[in-house]
Structure formats: C-alpha cells, structure tokens
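Inspection log for the structure reproduced underneath, given as structure tokens.
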Amino acid sequence: MDSSHYYRQHWYWGGEAKLRVEGEKLELTSIPDDEWDKVEEEAQKFWDEIAAESERNGRVVQILKDYNALMRKAGRPYRYTAG
C-alpha cells in the first residue's frame with residue numbers, strides 16, 4: 001500500500017503534471033456544471049435503487065449521500081460543482 005501510494009505520488013508530480021505543462025498528449029478537460037448536475041441526478045436514482053435492496057445497503061448509501069451533501073456545501077476547492 002505504501003509503495004503504491006509512493007509510486008502514484010511520483011507519477012503525478014514527475015509524470016502527469018509535467019505532461020500537462022510540457023506535453024502534447026495530455027489535455028486537461030472539464031465538464032460544465034449543468035451537465036455534471038444531470039449526471040449526479042441520475043446517480044441519485046441509481047443509489048436509491050441500491051439502497052432499497054437491503055437495510056445495510058440503505059445505511060451505506062446514506063453515508064455516501066451525507067458525504068456528498070457535505071462536499072456540495074463546502075464548494076470549491078473541495079468540490080468542483082456549484083454549491
């Protein structure tokens with residue numbers, strides 16, 4: 001686990017970041033907030049279906065929903081959608 005994290009950290013700082021700045025093959029893109037909101041709306045429907053399968057699923061999904069709501073309220077930079 002530690003070596004995996006170490007490798008990822010060095011790939012990002014030594015590889016991906018350099019490619020973003022100096023490379024030609026990596027392009028930073030984003031999804032407009034209104035389009036991302038549609039994705040999240042559909043995801044909510046999916047998670048509601050999963051939550052309905054069992055009590056345990058419902059508890060886990062609620063934890064994820066609570067976290068998601070907190071991140072939406074926190075806004076940028078913690079969450080890259082409109083609060």
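What follows draws every value from the coordinates through simple rules; no lab data is involved. Keep in mind that what you see is a predicted model, and the values were worked out from it rather than measured. Glycine also receives a Cβ, built like all others from the backbone with ideal geometry; neighbour counts cover every protein chain displayed.
The table below gives the values:
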read-out	value
Pairwise label distance in nanometres, Lys18 with Ser30, each label 7 Å out on the Cα-Cβ vector	2.7
Rounded, prolate or oblate (a/c below 1.5 giving rounded, otherwise prolate when a/b exceeds b/c) for the stretch 31-83 by Cα gyration tensor	oblate
